[in-house]
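The block underneath contains the structure these notes are about, expressed in structure tokens.
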Amino acid sequence: MDDSELSPCYYLRDWTVADPTRLLKLILLIRGLYLQYQRKKVEEVSDERVRFEMSTMAAIQGLEMCVTTISEGMEEVNFAFPLVLEMENPHSATNSQSSSITCSDISLQVKFPVRGGQSGGGAPQLKLVAPEGMRDVFDVDDVKLPVWPEHMCLVEYKPTLELTLQQQVREARASVRLRRNFVEALFPFFGHPLEVDTLYYRKASILTSFGVFTFLVHFVLPIQFPKIQPSFTFQSSQHFDARGKPLVSRLYQDYPWSPRWEASEMAQRIFDFVAEECLAFKRSCGDILSQR
Amino acid sequence: MQGEGEAYFSRYGLRGMGHMAEDILFCVDADAEMNVEMKLGTQGKGLCRLDAIKQAIILFVHSKLMVNSQHRFAFATLRNSASWLKRGFSSDIDVIGQVVRGLASSGTYPRCDLSELFRMAAAEAHQSIALNRRLRMVLIYCRSSVPIEVAMQWPDKQRLFTFDALYLHDKPTHENCPQDVYDSLVDALERVSEFESYIFESSSGSARLLFRSMCILLSHPQQRCPQDEFEAPKDISKMLAAAPHNSTSGNLPVPRRETEDNSGVPRPH
């Protein structure tokens, strides 16, 4: 039994509850051993293209790989590695830190099918993977991946993809700022909002009234704001269904809109639309109640 | 309207305001004064304070979940002291509806000590904080002659939760003291609340006004301004009447003004 620090036995031998890091170290070690095991299996694949990718990508930080058997004689060699994107540091104006930071939360997964020891030569399957929480700012499923022409290889594809992504992530981050500006521009018309998602500005709710009719408006702002306009619903504070749930309008997302307007113009137009529509909403609430 | 808006616009900014999910503890008075009638409802049926409050709480919960489905709710009742009605925060609207509909008044309580309520809230607040949430307590009180006390010494530095209050009461007479009660509530809020607290009082018996106040209480504590600066809900009909050329819509009828009977207690500031 190998008792060095590179063996799981080392961590299991003198198990002690006094060391809270033991379990994590053990898991990381086993994971590392598994990655090494899979790497050896990929090295055993004789296919030329896979061997080329292995040799040119070997030095990439955070590269992982494995072989999966699909069926008799049919395997898939999988590679995965983080993409390194350069961003402006949002705090660089206020301190002496460097003006750019790197983000490596987005990874690329690549699948090369290998049949009978030979890969096809066609484009591999490509997939972007990102943490679930990023979806509020940027959805990797929306990204149109750069084309993979014949004779393309990973070491060339990676920087092309990184440039494309960098641009799209920059736009997504700019969109956060634009959404915040828009929500702040609502203030002169609707006063203090009740609650705003102050992380990514995807949602905002306000309380307003028309005479004695008090109602809420719930806004949802899309990731591609302002190209795609906000949607919203009205909610009454005075009309309830049989179970006490307040009545809600349909979803509005088809009102006049232009992404080129200033935030203040957008807010004005939405105010005008709300001012006009809210009476129709009040009437329809009244109709629903009188039908019961 | 534009000019006035711009002055505030340059001051008002959302950057840096937190947005943690809330655990909201409703503490509802169980005193017999909950049975006092509100103003006649639109269907002509009598509505007592407790019925209106139940509806208002359900309005609040639905609205809060529409704003953000991560918020959760728990319930306590208040006699001489507070006790749990439904411990454990939940966002299950069916369960919450059952709990709220089960609220009832249970007697006349000549005293009210909030020490136990604060202790309960502080204990829950630690758990909320561990979950990256913040606790808020909303007290709904209706006794016109019983100021609240806090018998236990409450450490000044301990501000673990936000504390809001909704106070429904009778009009002041020689036999009651709603002003003293109101002042005692304000004192308690100021001693204990983590973020800006809001308090509403009314003797008007208007359910509509109650619902309106409940909606203002939806406001997220981490994003609040002082209550006397809170500018919502604005009245769209007044804004349009003041500057009709700013609107792109056609002619709107002049809104009928309803005078509110809100001859409640004056504010201390």
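The values are calculated or read from the model by the stated rules, or taken from the named source; none is laboratory data. All values derive from a computational prediction rather than experimental measurement. Please note: Cβ atoms are built from the backbone with ideal geometry, for glycine as well, and neighbour counts cover all protein chains shown.
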(request) Those residues that are modelled with pLDDT of 50 or more, part of a loop (DSSP other than H, G, I, E, B) and touching a Gly at 6+ places or on another chain (Cβ under 6 Å), I need them from segment B:230-269; list them, please. (result) B:GLU231, B:ALA232
(message) Residues that are small (Gly, Ala, Ser) and under 15 Å from the mean Cα position of the chain (by Cα): does segment B:15-32 have at least one?
(response) no
(message) Residues to consider are B:GLY88, B:GLY97, B:GLY16, B:GLY107; find the one that is out of contact with any strand residue (DSSP E or B) (no Cβ under 8 Å at 6 or more places or on another chain) and on the phi > 0 side of the Ramachandran plot.
(response) B:GLY16
(request) For segment A:202-221, indicate whether the set of residues that are more than 8 Å from every other protein chain (Cβ to nearest Cβ) and part of a loop (DSSP other than H, G, I, E, B) is non-empty. (result) yes
(message) Being more than 7 Å from chain B (Cβ to nearest Cβ), touching a residue at least 12 places away in the same chain (Cβ under 8 Å) and crowded, with 20+ Cβ neighbours inside 10 Å: is that true of A:PRO259 here?
(response) no
(request) Output the number of residues of segment A:262-288 satisfying the condition of being touching a strand residue (DSSP E or B) at 6+ places or on another chain (Cβ under 9 Å) and more than 9 Å from every other protein chain (Cβ to nearest Cβ). (result) 8
(request) Go through the residues of segment B:91-111 one by one and say whether even a single one is in a strand (DSSP E or B) and under 20 Å from the mean Cα position of the chain (by Cα). (result) no
(message) Given the options B:GLN2, B:GLN43, name the one that is at the interface with chain A (Cβ under 8 Å from one of its Cβ atoms) and at pLDDT below 95.
(response) B:GLN2
(message) What pairs come out if I take residues in segment A:145-173 that are farther than 12 Å from A:LEU108 by Cβ and pair them with residues that are aliphatic (A, V, I, L, M) and in a loop (DSSP other than H, G, I, E, B) whose C-beta lies under 6 Å away, six or more apart or interchain?
(response) A:ALA172/A:VAL137
(request) Tally the residues that are modelled with pLDDT under 85 and assigned by the TED database to the domain that holds A:PHE112, restricting the search to segment A:1-59. (result) 0
(message) Take the residues in segment A:142-196 that are aliphatic (A, V, I, L, M) and assigned to a loop (DSSP other than H, G, I, E, B); name whichever of them is nearest to the other protein chains (Cβ to nearest Cβ).
(response) A:LEU194
(request) Kindly provide the set of residues from segment B:134-146 that are out of contact with any Leu (no Cβ under 8 Å at 6 or more places or on another chain) and buried (at least 19 other Cβ atoms within 10 Å of the Cβ), ordered by number. (result) B:ARG134, B:ARG143, B:SER144, B:VAL146
(request) Using the structure shown, decide if A:PRO246 is assigned by the TED database to the domain that holds A:PHE190 and modelled with pLDDT under 95. (result) no
(request) Determine, yes or no, whether A:THR164 is out of contact with any Leu (no Cβ under 7 Å at 6 or more places or on another chain) and either of a type in the set (Val, Ile, Thr) or assigned by the TED database to the domain that holds A:PHE112 (or both). (result) yes
(message) With the requirement that a residue be more than 10 Å from every other protein chain (Cβ to nearest Cβ) and out of contact with any strand residue (DSSP E or B) (no Cβ under 8 Å at 6 or more places or on another chain), what does segment A:223-255 give you?
(response) A:ILE223, A:GLN224, A:PHE225, A:PRO226, A:LYS227, A:ILE228, A:GLN229, A:ALA242, A:ASP254, A:TYR255
(message) Only one of A:GLU150, A:GLU184 is within 30 Å of B:CYS215 (Cα to Cα) and of a type in the set (D, E, K, R). Can you tell me which?
(response) A:GLU184
(request) Kindly indicate the residue of segment B:186-229 that is more than 14 Å from every other protein chain (Cβ to nearest Cβ) and part of a helix (DSSP H, G or I) and also surrounded by the fewest Cβ atoms within 10 Å (Cβ to Cβ) among those meeting that condition. (result) B:GLU190
(message) Restricting to segment B:124-157, name every residue that is part of a loop (DSSP other than H, G, I, E, B), in contact with a His (Cβ under 9 Å, 6 or more places away or on another chain) and within 26 Å of B:HIS71 (Cβ to Cβ).
(response) B:CYS142
